[in-house]
Amino acid sequence: MVFIRAQVGPPNCGESEKMFTVQYFDEQGNMTIRGGGSRAWRCNNPGNLHASPYSTSRDRRAIGKAGDDKDEYAVYPDYETGHEALVVMLKGSKYSPKTLREAMIYYDKSNPNYINIIVSKTGFDPERKVKSLNDKEFEKFWRAIEETEKWEEGKEDFIPKYYISCVRMKRGVICEYCIQQNGKDVWLSKQEAIALAQQWRIHAILVHCANGTMYLRPEYHGKRFREMVC
């Protein structure tokens with residue numbers, strides 16, 4: 001499954017704001033919600049990179065941002081893309097000239113003990129420069145960071161985006177919409193269908209009329225809804 005867009009979702013019932021969920025959307029509009037686990041896993045961001053011009057740039061291929069009121073993080077389509085963002089950053093001009101100590105202070109200013117954690121995992125001299133690490137040592141370095149940031153899987157919930165198969169008409173006005181849900185026809189009131197469309201859960205275009213009313217019409221190039229008269 002290829003995710004093309006992501007956004008923050010509310011935390012699961014009873015959890016703190018720091019346990020925000022992340023909503024991923026594929027090309028068909030289906031949604032996968034990641035909850036629980038670690039923040040790195042929820043965001044496909046093994047380095048827990050904060051949202052920034054770098055981490056959310058076109059080159060880094062981020063698909064969104066997610067976080068709480070205090071911090072916001074880049075969200076990537078998969079682990080590999082998030083991992084690449086971390087590695088490219090560590091090899092870049094901001095980190096490579098620094099000593100490991102300086103780099104880790106810059107990496108996480110809120111945790112002065114970060115370098116001690118990395119040294120305990122790698123055995124490296126904290127005064128060595130990042131650019132002095134050979135390929136094998138550099139891999140040990142980024143693995144220590146990802147291990148520190150934690151990658152713990154939580155729970156994924158898949159929510160399909162529904163198609164409208166037909167509508168019920170009353171006096172020339174649509175009163176109900178029929179969608180396919182778990183292989184069954186489910187009839188929704190106009191208000192229920194509009195509410196789902198506002199959440200991007202139905203393949204339809206939400207039309208706002210000048211008088212304040214709303215209705216759904218097929219997507220561009222989509223088939224006309226089949227009509228049934230009440």
| query | What number of residues within segment 183-202 satisfy the criterion of being touching a helix residue (DSSP H, G or I) at 6+ places or on another chain (Cβ under 6 Å) and touching a residue at least 60 places away in the same chain (Cβ under 8 Å)? | reply | 0
| task | Output the residues belonging to segment 117-176 that are under 20 Å from Ser189 (Cα atoms), hydrophobic (A, V, I, L, M, F, W, C) and free of Cβ contacts under 8 Å to residues at least 12 places away in the same chain. | result | Val173
| Just to be sure, is Ile145 surrounded by 13 or more Cβ atoms within 10 Å (Cβ to Cβ) and at pLDDT below 95? | no
| task | Check off (1) touching a Ser or Thr at 6+ places or on another chain (Cβ under 8 Å); (2) closer than 14 Å to Ile159 by Cβ for Arg42 and give me the number that stays unchecked. | result | (2)
| said: Just to check your reading of the model, which residue among Ile174, Ile105 is farther than 30 Å from Phe25 by Cβ, surrounded by 15 or more Cβ atoms within 10 Å (Cβ to Cβ) and of a type in the set (A, V, I, L, M)? | reply: Ile105
| query | Which residue, of Lys150, Lys136, is more than 30 Å from Arg217 (Cβ to Cβ) and more than 21 Å from the chain's Cα centre (by Cα)? | reply | Lys136
| Would you pick out the residues in segment 17-59 that are in a loop (DSSP other than H, G, I, E, B), free of Cβ contacts under 8 Å to residues at least 24 places away in the same chain and under 14 Å from the mean Cα position of the chain (by Cα)? | Ala51, Thr56
| query | Scanning segment 177-230 for residues that are crowded, with 17+ Cβ neighbours inside 10 Å and of a type in the set (D, E, K, R), which turns out nearest to Asp26 (Cα to Cα)? | reply | Arg201
| said: For a quick check of your reading of the model, give me the residue pairs whose first member lies in segment 203-227 and is among the acidic types (Asp, Glu), whose second is in a loop (DSSP other than H, G, I, E, B) and surrounded by 13 or more Cβ atoms within 10 Å (Cβ to Cβ), with beta-carbon atoms closer than 9 Å and at least 6 apart or on different chains. | reply: Glu219/His203; Glu219/Ala204
| remark: Conditions (1) within 23 Å of Tyr24 (Cα to Cα); (2) in contact with a helix residue (DSSP H, G or I) (Cβ under 7 Å, 6 or more places away or on another chain); (3) loosely packed, with under 14 Cβ neighbours inside 10 Å -> Trp151 fails only (3)
| If you take the residues of segment 220-230 that are assigned to a loop (DSSP other than H, G, I, E, B) and of a type in the set (D, E, K, R), which of them is nearest to the chain's Cα centre (by Cα)? | Lys223
| said: Go through segment 60-80 and report how many residues are in contact (Cβ under 8 Å) with a residue 12 or more places away in the chain, over 13 Å from Val22 (Cβ atoms) and either part of a helix (DSSP H, G or I) or among the hydrophobic types (A, V, I, L, M, F, W, C) (or both). | reply: 1
| said: Just to verify a result, which residue in segment 96-125, among those that are assigned to a loop (DSSP other than H, G, I, E, B) and farther than 23 Å from His50 by Cβ, is farthest from the chain's Cα centre (by Cα)? | reply: Asp125
| said: Out of everything in segment 66-95 that is crowded, with 16+ Cβ neighbours inside 10 Å and small (Gly, Ala, Ser), what residue ends up being nearest to Glu153 (Cα to Cα)? | reply: Gly82
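The values are calculated or read from the model by the stated rules, or taken from the named source; none is laboratory data. Predicted model, so just to flag it, every value in this text is computed and none were measured. Note that we place each Cβ from the backbone using ideal geometry, even for glycine, and neighbour counts take in every protein chain shown.
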